[in-house]
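J.: Below are the structure tokens for one structure; questions will follow.
The values are calculated or read from the model by the stated rules, or taken from the named source; none is laboratory data. Being a predicted model, the structure only gives us computed values, none of them experimental. Using ideal geometry, Cβ is built from the backbone for each residue, glycine included, and neighbour counts are taken over all protein chains shown.
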Amino acid sequence: MIIKKFSIQNYRTCLDTTFELHPNLSVLIGPNSSGKTNTLCAILMLKKICESRGYHYRHEYKNIYEMTSSGECSIQALFSVDDIELKYQTFLRVLSDESNEEFVYTTMQKWYSWGLTKSRKNFSIPLKPTPDEYFVIKRIREIQQKRLMSGDIPIPLAIAIDKIFRNLLDMQYYSASQFTNPLKCPVSVEIEIQDDNIHKRDQFKLKGHSKLIYDIYKSAKADDSSRYDRFFDIIGPNGINLVDKLEFQEISTSIMEYRVRSGGKCHKRSISKKLVIPQFHMKNNILSPNQLSEGTFKTIALIFYLVTEPNKIMLIEEPEICVHQGLLSSILELIKEYSKEKQIIISTHSDFVLDKVKPENVFKVKWASKDGTKISNIEKLMSRKDLLALREYLENEGNLGEYWRSGGLE
């Protein structure tokens, strides 16, 4: 699945932003405050619509009326799945809590596919927030099942929508500041064990750096560890040689939990836990993750999610931060290689990043007070004469980064 075209209105600086994405790799360039990060966050809204935490308001969240609202936005997207194109539209309200975390509230989603239905009729799917549902996909399937039985939604359309929602749920967003401070990473992670399996509740409780360590551990211990093996081949001595060895020390523990119920009855149960301690072997030293350098830690995190996550869409904000050019070159080659398997969208300020990509992959982002953020592929911005001059320059004189530095893309 890929996103062929994306459009959003009235979200941050994106007053009316529309652009066609490259099927493999799209690189957004532009000055600060032009809207690159806002565009990535807007695309991420597609995932938040599908998630319980973005779509529903669970009991531990404050009342939605206590949150800050940015007003009503609208999103349109053109998806391609199994050579079928589907148009999607939704209206949503974006809410922010006191920590500036965004939540999404939406009431209607409309789908249209001429290739499947031979009709210009939109199929609307109403979604009402219910706090006991973990995934919107559950609600989607319930509605689809009812409509399939009534013949309202064609089966091929329902199957295609289901695939799109599954892929959107797996979308990965890698922000510029997400893993730049290894000091925030714990030296160990405690997980609950139930019937010889990791309790699923732990997967939702862990966030940020703790979740990274847990994800690496889970990947290493999986029955099929081929993706983890590929990850370590890249970061280990046979690859870019960031670490010599990566091990996980496991310590089994248990605690007693007491609960007093109505009538003064005391309920006691034993909880089995496992303490997971990651150990990075580097140059005859054994280091905890919080002892790694910023560049090493950030690179390990990025490569892990790039290589091991079986997602179809990945958003990466400024991969050049905290990374020297030699290592950045290796990261960019990996990104280009994996963009053949998944659609990757990058934002950057680096001319070095542009040196490694083609003009067809580069999108210029600019902002104007009246129009907001606008995004265009640089090949489509140029006249035929200018495009021929650019290609001749790239073949005989320099690279795209130098061309950008010289003002050739202005």
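J.: Applying the selection to region 245-277, what residues are in contact with a Ser or Thr (Cβ under 7 Å, 6 or more places away or on another chain) and surrounded by 14 or more Cβ atoms within 10 Å (Cβ to Cβ)?
T.: If the condition is that a residue be in contact with a Ser or Thr (Cβ under 7 Å, 6 or more places away or on another chain) and surrounded by 14 or more Cβ atoms within 10 Å (Cβ to Cβ), then SER272, LYS273, LYS274, VAL276, ILE277 are the ones that fit.
J.: Within region 399-410, how many residues are part of a loop (DSSP other than H, G, I, E, B), of a type in the set (Gly, Ala, Ser) and in contact with a Phe, Trp or Tyr (Cβ under 8 Å, 6 or more places away or on another chain)?
T.: Total meeting the criteria: 1.
J.: Among the strands (runs of 3 or more DSSP E) lying completely within region 1-41, list those that include at least 3 residues that are out of contact with any Gly (no Cβ under 8 Å at 6 or more places or on another chain) and surrounded by 21 or more Cβ atoms within 10 Å (Cβ to Cβ).
T.: On the way: elements: 2-11, 14-20, 25-29.
Answer list for region 1-41: 2-11, 25-29.
J.: Also, I was wondering about something else. Could you identify the single residue in TYR65, TYR55 that is at pLDDT below 60 and either touching a helix residue (DSSP H, G or I) at 6+ places or on another chain (Cβ under 6 Å) or not assigned by TED's automatic domain parsing to the domain that holds ILE164 (or both)? Lay out the reasoning, then the answer.
T.: Working: TYR65 fails: either touching a helix residue (DSSP H, G or I) at 6+ places or on another chain (Cβ under 6 Å) or not assigned by TED's automatic domain parsing to the domain that holds ILE164 (or both).
Exactly one of TYR65, TYR55 is at pLDDT below 60 and either touching a helix residue (DSSP H, G or I) at 6+ places or on another chain (Cβ under 6 Å) or not assigned by TED's automatic domain parsing to the domain that holds ILE164 (or both), namely TYR55.
J.: Here's another thing I want to ask about it. For region 326-398, please list each of the strands (runs of 3 or more DSSP E) lying entirely inside it that holds at least 1 residues being surrounded by 15 or more Cβ atoms within 10 Å (Cβ to Cβ), in contact with a Leu (Cβ under 9 Å, 6 or more places away or on another chain) and small (Gly, Ala, Ser).
T.: Hits in region 326-398: 343-348, 372-377.
J.: Among the listed residues LEU78, LEU46, which satisfies the condition of being in a helix (DSSP H, G or I), modelled with pLDDT of 85 or more and at negative phi?
T.: Result: LEU46 is the single residue among LEU78, LEU46 that is in a helix (DSSP H, G or I), modelled with pLDDT of 85 or more and at negative phi.
J.: Can you tell me which condition PRO310 does not meet? The list is (1) closer than 25 Å to VAL187 by Cβ; (2) within 24 Å of the chain's Cα centre (by Cα); (3) surrounded by fewer than 15 Cβ atoms within 10 Å (Cβ to Cβ); (4) touching a residue at least 24 places away in the same chain (Cβ under 8 Å), and all the others hold.
T.: Of the numbered conditions (1) closer than 25 Å to VAL187 by Cβ; (2) within 24 Å of the chain's Cα centre (by Cα); (3) surrounded by fewer than 15 Cβ atoms within 10 Å (Cβ to Cβ); (4) touching a residue at least 24 places away in the same chain (Cβ under 8 Å), the odd one out for PRO310 is (1).
J.: Mind checking which pairs have a first residue in region 214-229 that is farther than 14 Å from LYS245 by Cα and a second that is of a type in the set (A, V, I, L, M, F, W, C) and not in a loop (DSSP other than H, G, I, E, B), Cβ under 6 Å, 6 or more apart or different chains?
T.: TYR214/VAL189
J.: Still on this structure, please answer the following. Please work out which one of (1) among the basic types (Lys, Arg); (2) more than 16 Å from LYS47 (Cα to Cα); (3) at pLDDT 65 or above is the condition LYS146 fails and give its number.
T.: The failed condition is (3).
Every residue, every condition in (1) loosely packed, with under 13 Cβ neighbours inside 10 Å; (2) at pLDDT below 70; (3) touching an Asp or Glu at 6+ places or on another chain (Cβ under 8 Å), yes or no:
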{"position": "GLU85", "(1), (2), (3)": "no, no, no"}
{"position": "GLN89", "(1), (2), (3)": "no, no, no"}
{"position": "VAL94", "(1), (2), (3)": "no, no, yes"}
{"position": "SER99", "(1), (2), (3)": "yes, yes, no"}
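J.: Does GLN178 satisfy the condition of being part of a strand (DSSP E or B) and surrounded by 12 or more Cβ atoms within 10 Å (Cβ to Cβ)?
T.: Values: part of a strand (DSSP E or B): no; surrounded by 12 or more Cβ atoms within 10 Å (Cβ to Cβ): yes.
Judged against the criteria, GLN178 is not a match.
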